[in-house]
Amino acid sequence: MDPGEGYLACGMTGAGRLAGQEAIVAAVREVLKTQRDLDGETVLVTAGPTCEDLDPVRYITNRSSGKMGYAVAEAAALRGAKVILVSGRVSLESPAGVERIDVRTANEMHQAVVERIANCSIAILAAAVADYRPVEQRAEKIKKSDAALTIALEPTTDI
């Protein structure tokens, strides 16, 4: 077997020599045909749910997993963009090379977006932001009682 046989043509010399990182990345991109059409762009992505507290124990939310927003963030990063991911609570790992800002409430997500959007060329708002929050957030746990509980809600700010 020829010592160079089976290696990618990455400028390696001699048996057992590993090419430099840039050569390996370039070879992988060539094989995978990865587009770098977002080089120089900054992409802001929102993902996941927001939570609105009723009391220290309970909150209103939705069942968003955040998977769509995370997939979009990962794809943008792979295409060369600088990616800022503003995320509600999810059980997902941050995509490689992505800056992640964790938030909990619709207001926190709104603030994070407002603070960063002017420096972004693309915004993809994929989060499942709560449409309403309780008018009153109780300082103590709401006690279970025989009486019906009424919770007044107000709209959250659109992002």
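For the reader, a short list of remarks on this structure follows.
- Test for G66: is it modelled with pLDDT of 95 or more and on the phi > 0 side of the Ramachandran plot: yes
- Candidate set: the stretch 135-155, residues that are within 16 Å of T61 (Cα to Cα) and in contact with an Asp or Glu (Cβ under 6 Å, 6 or more places away or on another chain); chosen: the one most open to solvent (accessible area, probe 1.4 Å): Q137
- Residues being in a loop (DSSP other than H, G, I, E, B) and of a type in the set (G, A, S) - total across the stretch 65-81: 4
- Screening the stretch 17-32 for residues that are assigned to a helix (DSSP H, G or I) and open to solvent by less than 100 Å² (accessible area, probe 1.4 Å) and picking the one that is nearest to A75 (Cα to Cα) gives R29.
- Cβ-Cβ under 8 Å pairs, at least 6 apart or on other chains, the stretch 81-99 side more than 17 Å from P49 (Cβ to Cβ), far side in a loop (DSSP other than H, G, I, E, B): A81/L38; A81/D39; A81/E41; K82/E41; V83/P95; V83/G97; I84/C120
- Residue match in the stretch 67-77 (condition: among the β-branched types (V, I, T), buried (at least 18 other Cβ atoms within 10 Å of the Cβ) and touching a helix residue (DSSP H, G or I) at 6+ places or on another chain (Cβ under 6 Å)): no
- Pairs are defined by a Cβ separation below 7 Å, a sequence spacing of at least 6 or placement on different chains, a first member in the stretch 100-113 that is over 12 Å from P49 (Cβ atoms) and among the β-branched types (V, I, T), and a second member that is open to solvent by 30 Å² or more (accessible area, probe 1.4 Å) and modelled with pLDDT under 95; the pairs so defined are V113/I159.
- For the stretch 100-158, filtering for residues that are of a type in the set (S, T, N, Q), within 17 Å of the chain's Cα centre (by Cα) and assigned to a loop (DSSP other than H, G, I, E, B) leaves 2.
- L44 open to solvent by less than 50 Å² (accessible area, probe 1.4 Å), farther than 30 Å from E140 by Cβ and not in a loop (DSSP other than H, G, I, E, B): yes
- Test: residue in the stretch 82-93 that is part of a loop (DSSP other than H, G, I, E, B), acidic (D, E) and open to solvent by 50 Å² or more (accessible area, probe 1.4 Å): yes
- Selection count where residues are modelled with pLDDT under 95 and among the β-branched types (V, I, T), scope the stretch 105-159: 5
- Pair list, Cβ under 7 Å, 6 or more apart: the stretch 124-148 residue under 16 Å from P49 (Cβ atoms), other residue outside any loop (DSSP other than H, G, I, E, B) and hydroxyl-bearing (S, T, Y): L125/T46; A126/T46; A127/T46
- Selection count where residues are of a type in the set (A, V, I, L, M, F, W, C) and surrounded by 19 or more Cβ atoms within 10 Å (Cβ to Cβ), scope the stretch 94-123: 6
The values are calculated or read from the model by the stated rules, or taken from the named source; none is laboratory data. Just so we're clear, the structure is a prediction, and the values are computed from it rather than from any experiment. Positions of Cβ are backbone-derived with ideal geometry, glycine not excepted, and every protein chain shown enters the neighbour counts. Just so you know, the surface numbers come from the protein's heavy atoms only, side chains and all, with ligands and any DNA or RNA stripped out. Shrake-Rupley method; radii C 1.70, N 1.55, O 1.52, S 1.80 Å.
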